[in-house]
Amino acid sequence: MFELSEHKQQLLKTDGNLIILGGPGSGKTTIALLKARKIVNDQVLKTGQKVLFLSFARTTVARVEEQMKGLKISNKEKKQIDINTYHGFAWEILKSHGYLLNGIKQIKLLPPPEAASRFAENSNPDELQKEKHRLYSEEGLLHFDLFAELCADLFENSEVLTNIFCDSYPVIILDEFQDTNASEWR
């Protein structure tokens, strides 16, 4: 095992919202994972609840999952920690509940090659955004760029859905928070 500085030990003991700042390799992810494990082991979560750990890239998620092994986080503990990308998490929500925004039961991803061909003639950013929204609203085709915005719209427009997810994930760890945009923050 490894030794944690007194400052890092204090972070693990702190309740409530935290922002952990530090450069690459300073231990931010380690502290986040140890904090998640502590929450699980302190039995803060009710039955069925999990800690949600979100990051931007699949490679980061894979690195975090690998780091869990090095920290000796048990399989039992891992079952109560969901690790996903921001967009992967949003896609799961939109796949299940996106029909609440457009009335179309089966939402489909707009594959990048198809998106490129559909948008090839349009270089106006505002028109492009309108077309992405039209494709979602009228055809149920979801462009990657709309994931965060539409997921935020769902939560803002459905108190029931928001309460379900808040109850399911009472603790959310946001890796690389500084990279979030306005829609992801919403």
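The values are calculated or read from the model by the stated rules, or taken from the named source; none is laboratory data. Since the structure is predicted, the reported quantities are computational estimates derived from the model, not experimental observations. As a convention, Cβ positions derive from the backbone with ideal geometry for all residues, glycine included, and neighbour counts pool all protein chains shown. Please note that ligands, DNA and RNA were not included when accessible areas were found on the heavy atoms of the full protein model with its side chains. Shrake-Rupley method; radii C 1.70, N 1.55, O 1.52, S 1.80 Å.
Which condition from (1) farther than 20 Å from LEU12 by Cα; (2) out of contact with any Lys or Arg (no Cβ under 6 Å at 6 or more places or on another chain); (3) not acidic (Asp, Glu) is the one that TYR99 breaks?
It is condition (2) that TYR99 fails.
Residue by residue through the stretch 121-153, note down the ones that are among the aliphatic types (A, V, I, L, M) and in contact (Cβ under 8 Å) with a residue 40 or more places away in the chain.
Within the stretch 121-153, LEU142, ALA148, LEU150 meet the criteria.
Count, please, the residues in the stretch 140-160 that happen to be of a type in the set (A, V, I, L, M, F, W, C), assigned to a helix (DSSP H, G or I) and buried (at least 16 other Cβ atoms within 10 Å of the Cβ).
The qualifying residues number 8.
Identify the single condition in (1) over 30 Å from GLY23 (Cα atoms); (2) in contact with a helix residue (DSSP H, G or I) (Cβ under 6 Å, 6 or more places away or on another chain); (3) open to solvent by less than 50 Å² (accessible area, probe 1.4 Å) that SER137 does not satisfy, given that it satisfies every other one.
Exception for SER137: condition (3).
Can you name the condition, by its number, that ALA116 falls short on among (1) at pLDDT below 95; (2) in contact with a Lys or Arg (Cβ under 9 Å, 6 or more places away or on another chain); (3) over 30 Å from VAL40 (Cβ atoms)?
(2)
Filter the stretch 161-186 for residues that are part of a strand (DSSP E or B) and among the β-branched types (Val, Ile, Thr); which is farthest from GLY25 (Cα to Cα)?
VAL171
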